[in-house]
Amino acid sequence: MTSPPTDSYQRRIDYLRLSITDRCNLRCTYCMPEHGVQKLEHRNVLRYEEILRLARIAVRMGISKIRITGGEPLVRRDILFLCENIARIEGLKSLSITTNGVLLSRFAKSIYHMGIRRINISLDTLQPAKYAAITRVDCFREVWEGILAAHCAGFDPVKLNAVAMRGVNDDEIEDLARLSIEYPFDVRFIECMPFNSEGYDEKFMPTDEILDRLARVAPIYPADGADSNGPATHYRFSGAPGRIGIISPVSHHFCPACNRLRLTADGKLRTCLFSTDETDLRGLLRQGASDERITAVIRKAIDSKPERHHLSGGALRKCISRPMFSIGG
Ligand code: SAM
Ligand code: SF4
């Protein structure tokens with residue numbers, strides 16, 4: 001197996017997040033505007049065979065982990081075909097998906113069967129009315145059923161992602177955290193990033209504050225394990241089957257350990273979520289570039305991966321690049 005490429009700061013780049021669509025069946029306030037979302041033109045979205053070709057090239061270069069994301073990946077037609085074929089790529093060690101869970105009760109078993117073993121489901125609240133306010137769609141019950149379906153299908157652990165927002169769901173930090181006591185679920189609190197900047201400064205809640213709140217629920221201990229090379233720092237309430245994950249992209253950036261590349265649904269390679277630099281792989285694919293040429297272009301992009309983002313430090317800077325649903329979260 002090829003060892004992963006390293007960038008100019010000696011970081012091993014072994015993880016690719018593949019956004020397969022910019023479409024979504026929700027409109028989360030921190031991610032998308034309610035109306036007037038600028039959608040990619042269909043012809044500009046990578047076709048499955050193009051995604052598969054790039055995924056195979058990436059794995060040959062030493063990428064060993066791929067996450068399918070979006071937009072909402074489960075809304076793309078024939079998603080099972082894509083999952084099955086990515087899972088079959090020789091040398092790929094881990095295939096995961098991030099979903100809002102709305103369609104999961106329909107898809108959980110089949111995506112597990114196709115080879116996806118890790119799942120992250122977004123869940124910012126346990127209150128149906130608040131869920132509707134945050135996502136602008138009244139479908140908490142479907143999502144909760146989807147989460148249980150993922151658990152029954154064999155995903156272990158099921159990871160639940162909550163974006164912590166002051167004045168929105170900060171009153172539920174403890175309730176959400178208790179899910180890790182009741183179920184073998186990892187509950188991960190993520191700092192809100194300034195993609196949709198309206199009211200951002202008031203909503204931003206640093207994860208240090210979340211940790212202080214969690215200590216009031218029950219004794220909590222560090223619980224980093226074998227899968228701890230990601231951005232989350234893990235904790236566990238005494239005796240709980242699940243863990244708590246704390247992800248602080250803004251207040252404690254994890255850039256020194258960043259191992260990621262991102263491919264947008266329209267075929268742009270990004271080496272940093274917060275940088276505006278993109279490398280157009282779709283153009284190369286459609287001009288008939290060879291695998292060697294594409295490999296060289298990806299290699300060059302990795303070499304220029306920025307050292308860090310500059311969201312924090314003094315005033316929070318508004319992120320001016322594309323929104324999260326368009327880049328692929
Ligand atoms: N639609 C899927 C979902 O929501 O899980 C996958 C794509 S979504 C862009 C991926 C992740 O990005 C979600 O967990 C979502 O909560 C997170 N996200 C989106 N906007 C964010 C923001 N402004 N700050 C922090 N996380 C954000
Ligand atoms: Fe859709 Fe996910 Fe963005 Fe919410 S966070 S609007 S579910 S892409």
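The values are calculated or read from the model by the stated rules, or taken from the named source; none is laboratory data. From a predicted model like this one, the values you see are computed outputs, not experimental measurements. Here the Cβ positions follow ideal geometry from the backbone for every residue, glycine too, while neighbour counts run over all protein chains shown. Just the protein is used for accessible areas: all its heavy atoms, side chains included, with ligands, DNA and RNA removed. Shrake-Rupley method; radii C 1.70, N 1.55, O 1.52, S 1.80 Å.
For the criterion of being among the hydroxyl-bearing types (Ser, Thr, Tyr), at negative phi and more than 16 Å from ligand 2 (Cβ to nearest atom), Tyr30 fails.
Here the condition is being of a type in the set (D, E, K, R), under 20 Å from the mean Cα position of the chain (by Cα) and not in a loop (DSSP other than H, G, I, E, B); of Arg188, Arg213, it holds for Arg188 alone.
Conditions (1) β-branched (Val, Ile, Thr); (2) open to solvent by 60 Å² or more (accessible area, probe 1.4 Å); (3) within 16 Å of ligand 2 (Cβ to nearest atom); (4) touching a Cys at 6+ places or on another chain (Cβ under 7 Å), marked per residue:
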| residue | (1), (2), (3), (4) |
| --- | --- |
| Ser8 | no, yes, no, no |
| Arg12 | no, yes, no, no |
| Tyr15 | no, no, no, no |
| Arg23 | no, yes, yes, no |
| Ala55 | no, no, no, no |
| Gly62 | no, no, no, no |
| Leu82 | no, no, no, no |
| Ile86 | yes, no, no, no |
| Ile89 | yes, no, no, no |
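Results for (1) within 16 Å of ligand 1 (Cβ to nearest atom); (2) buried (at least 19 other Cβ atoms within 10 Å of the Cβ); (3) in a helix (DSSP H, G or I), shown as yes or no for each residue.
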residue: Thr2; (1), (2), (3): no, no, no
residue: Ile66; (1), (2), (3): yes, yes, no
residue: Gly71; (1), (2), (3): yes, yes, no
residue: Leu74; (1), (2), (3): yes, yes, yes
residue: Lys109; (1), (2), (3): no, no, yes
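For the range 281-326, filtering for residues that are at pLDDT 95 or above and in a loop (DSSP other than H, G, I, E, B) leaves 4.
Being surrounded by fewer than 14 Cβ atoms within 10 Å (Cβ to Cβ) and within 16 Å of ligand 1 (Cβ to nearest atom) is the requirement here; does Glu34 meet it? Spelling it out, Glu34 is indeed surrounded by fewer than 14 Cβ atoms within 10 Å (Cβ to Cβ) and within 16 Å of ligand 1 (Cβ to nearest atom). For the condition over 28 Å from Leu211 (Cβ atoms) and surrounded by fewer than 18 Cβ atoms within 10 Å (Cβ to Cβ), Gly115 qualifies.
A search for C-beta distances below 6 Å between a residue of the range 179-192 that is within 25 Å of Tyr30 (Cα to Cα) and any residue that is assigned to a loop (DSSP other than H, G, I, E, B) and of a type in the set (Gly, Ala, Ser), counting only pairs 6+ apart in sequence or on different chains, returns Ser180/Ala240; Ser180/Gly242; Phe185/Gly242; Asp186/Gly242; Arg188/Ala232; Glu191/Ser248. The set of residues from the range 236-256 being within 16 Å of the chain's Cα centre (by Cα) and not in a loop (DSSP other than H, G, I, E, B) comprises Gly245, Ile246, Ile247, Cys255.
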